[in-house]
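Here the structure comes first, spelled out in structure tokens, and everything after it is commentary.
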Amino acid sequence: MIEVKNLVKRYGDNIAVDHLNFTVEKGQIYGFLGPNGAGKSTTMNIITGYIAASDGEVIINGHNIFEEPELAKKSIGYLPEIPPLYVDMTPYEYLKFAAELKKIEKKERKQMIDEVMKLTKITDVSNRLIKNLSKGYKQRVGLAQAILGYPEVIILDEPTVGLDPKQIIEIRDLIKSLSKKHTVILSSHILSEVSAVCDHVMILSKGKLVASDKPEELSKLMVGSNTLELTIKEEEAKVREILNEMTEIIEFSIHSSVEEDAVDITLKTKQQIDIREKIFYEMAKEKCPILAMKVSNMSLEDVFLELTATDKEVRQSQLILENQSIESKQNEEEQEDDSNL
Amino acid sequence: MIAIYKRELKSYLTSMTGYIFMAFIMFLVGIYFTAYNLTYGYSHFGYVLSLSVFAFLIVVPILTMRLLAEEKRQKTDQILLTAPVRVMDIILGKYFAILTIFTIPIVLFCFYPLLLSRFGTVSYLMAYTSIIGYYFLGAAYLAVGMFISSLTESQVIAAVLSFGALLVSYMITGLSQFISSTAFASFMGFSILIIIIAVIAYSMTKNMAFSAGLALVLECITTILYLYKATLFASSISKLLNVIDLASRYENFVKGIFDVTGIVYYVSVILIFIFLTVQSVQKRRWS
């Protein structure tokens, strides 16, 4: 469907996209994930033919975007980061213009515009000037423009920015329903969004593709620990004592809880071990009620941070982690000393 | 192209800009028309038009300033450049839109000589060649304005630059008279021009060796030519400068001559600036 080969984009000495290679298959939702300035928008702008690349090629449906731009662009619908709206038009006029621009047959135009407006729920505002619409509606008009003509590939640059939570869910559902007929590429710096919507995640950092896989597979990449969050109705010292005796726990930290007479605990174990039952029995034995227990699945976030951090940042965060664990051990020892006295 | 043409035309007609442009031209020509033709009974409408040529310096930037600058600032150029249309079609659509707005007052001007003929004999030939010349002159100015609008993201800068460029073009014949017509002066003028070309080349390519080489080669050629045949240079710099004077070509039309070279000149200017606008938009994609 889309083949990106050895794509490079330089701005002076600055490399925005650094030898990017990937292919996009039909009927799936792809997510570009990366921190700000990772090259997501630049890559999308190149794929859609808005800007040219310094090197490499992009082939869409067998057409090279640089050599046969008109043919390649025909199969793409694009919603850029800032929706390209003419604010002195109404959404209906704007979509009519977009339809003409996309060379949609005259007799199909009206029906198609109506369909797209219904899909993106902008029929109610179709006769108001775009400049008077809220950010969420503007975003949807932009989205309607991208879907118009039902191109085979729909590229959305941060489609849910500026929308309220209800709208975000609606747009996500819409994107999911689009994937039945279209290939969708979207970008985001919000992890939960990508993992909720996409079949395939590509993590970009500094213009390089650092990981490309299914969201589940990506979480598995992260070898390391399971994290468990607990709320226990008991005094801190007692809990500490119990937990210290469990050898499976790599580290834990105790904070005060919003619940009365209770403490919140975050603990980490090795990945293969499920410690929940053991904790239940141990706590029950000591008559410490467990108010809440949940496995926190932060691993995709960890993968993301790990992959996108610069070496320096990684070292720093590791240092911080080490310091924390040293401190917590020291605290434990001190407390042990206290209790011995 | 038609989609862009329609949108652009509609946006001029739903906002103030188009009307301000038309009103200003009509107002100014109207004043001269009332004064010279109606009050003093001068029968030549072309004279009125030639007096109001300076109006272009003000109204052309009004019409062209937002043409491409605003698209860039609002990022609406993204929908145009990612749609399956050629850049050339986008630019042509835009150019024809402003040309259409400009055509409206011209069509109205065509009635003025008819109006005058009620009061005496009017040379239709002179009147209508003047109107045709006026139209082509305006069209050429619009192309220049459109090109300048493609260079910047700011409407204000585009307007000021267009005004400056048109002003220089308007005054260049007068200014070039101050330049000494001796061969040596022209030689110096060319040398300065070569340096300017080299600086522009450097700012575009960022390649020191290339622009320095270019300057050196051109400078050598002019020096050799100067030493070999100095008479070639006499008053050549002012001749060269006069090439950019669009308004002086209009004089023939006012005299009632359907000046084909003038038409060719204006059409060439229009084509060159449309081409340059396309290149300027394309260049942005590469940088």
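Secondary structure note: in the protein assembly as shown, about 70% of the DSSP beta bridges are antiparallel.
Per-residue extension of 0.36 nm, minus the Cα-Cα distance of residue B:206 and residue B:26, leaves a gain of 60.1 nm for this segment.
Within the straight-line cut-off of under 19 Å between alpha carbons, the lysines reachable from residue A:208 are A:5, A:9, A:40, A:312, sequence neighbours fewer than 8 places apart in one chain being disregarded. For the listed residue pairs A:106/B:75; A:166/A:294; B:229/B:255, the alpha carbons are over 32 angstrom apart in B:229/B:255. With only the Cα atoms considered, region B:116-156 has a convex hull volume of 70 Å³ per residue.
For the protein assembly as shown, the Kirkwood hydrodynamic radius comes to 30.1 Å, computed from all pairs of different C-alpha atoms. Helix-only arithmetic for chain B: the sum of -39500 (n - 2.57) across DSSP H runs with n ≥ 4, divided by the residue total, places the mean residue ellipticity at 222 nm at -25500 deg cm²/dmol. Our estimate of slack between residue A:253 and residue A:114, defined as 0.36 nm per intervening residue step minus the Cα-Cα distance, is 44.4 nm.
Extending 7 Å from the Cα toward the beta-carbon at both residue B:175 and residue A:206 defines two label points whose distance is 5.0 nm. What residue among A:266, A:228, A:292 has its Cα farthest toward the positive end of the dipole of region A:226-296, where the charges are +1 on Lys, Arg and -1 on Asp, Glu, each on the Cβ? Towards the positive end, the residue furthest out is A:228. Working note: Cα atoms of region B:182-234, range along each principal axis, descending, whole Å: 36, 15, 10. Normalised by the number of residues in chain B, the average gap of Cα pairs under 8 Å and 6 or more apart makes the relative contact order 26 percent.
Mean partner shielding of peptide A:79-90, defined as the number of other chain Cβ atoms within 10 Å of each residue Cβ, is 4.
Rounded to the nearest 20, the size of the Cβ-charge dipole of the protein assembly as shown about its Cα centre is 4640 debye, with Lys and Arg at +1 and Asp and Glu at -1. Of the peptides B:45-52, B:175-182, B:149-156, the order by per-residue mean of other Cβ atoms within 10 Å, starting with the highest, comes out as B:45-52, B:149-156, B:175-182. Exposure proxy ranking for B:86, B:285, based on other Cβ atoms within 10 angstrom of each Cβ and starting from the fewest, stands as B:86, B:285. For chain B, what does the alpha-carbon gyration tensor say about shape, rounded, prolate or oblate, given a ≥ b ≥ c as the root eigenvalues, a/c under 1.5 as rounded, and a/b over b/c as prolate? Verdict is oblate for chain B. The mean sequence separation of alpha-carbon pairs under 8 Å and at least six residues apart, normalised by the residue count of region A:104-151, gives a relative contact order of 47 percent. Peptide B:82-93 is shielded by partner chain Cβ atoms: per residue, an average of 5 of them sit within 10 Å of its Cβ. Cβ-to-Cβ counts within 10 Å put B:108, A:228 in ascending order as B:108, A:228, the fewest first. Given R0 = 60 Å, the distance between the Cβ atoms of residue B:100 and residue A:294 translates into a calculated FRET efficiency of 0.35. Residues whose amide H falls under 5 Å from that of residue A:209, counting only those 5 or more places apart or on a different chain, are A:21, with hydrogens built in the peptide plane. As a rough footprinting exposure proxy, the listed residues A:288, A:198, B:220 were ranked by other beta carbons within 10 Å of their own, and the order from fewest upward is B:220, A:288, A:198.
Other protein chain C-beta atoms within 10 Å of residue C-beta, averaged over B:67-74: 1. Counting every C-alpha pair in region A:226-296, the share spaced more than 21 angstrom apart comes to 13%.
Every Cα-Cα pair of region B:1-111 was included, and the share exceeding 20 Å stands at 48 percent. The simple Förster model, with R0 at 51 Å and r as the Cβ-Cβ distance, assigns residue B:282 and residue B:118 a FRET efficiency of 0.45. Taking label points 7 Å from Cα along the Cα-to-Cβ direction, residue B:73 and residue A:124 give a separation of 3.3 nm.
Here the simple spin-label model places points 7 Å from the Cα toward Cβ, and for residue B:182 and residue A:174 these points are separated by 7.5 nm. Assuming R0 = 60 Å, what is the FRET efficiency of residue A:260 and residue A:134, from their Cβ-Cβ distance, to the nearest 0.05? In this case the efficiency is close to 0.90. Each residue of region B:213-228 is assigned a 3J(HN,Hα), and the resulting list reads x, 4, 4, 5, 4, 4, 5, 4, 4, 5, 4, 4, 4, 5, 5, 6 Hz, derived from the Karplus form 6.51 cos²θ - 1.76 cosθ + 1.60 (θ = phi - 60°), x at Gly and Pro.
Quick note: the coordinates plus some simple rules give every number you see, no bench work behind them. Note that the structure is a prediction, hence the values are computed from the model and not measured. Glycine gets a Cβ as well: all are built from the backbone with ideal geometry, and neighbour counts include every protein chain shown.
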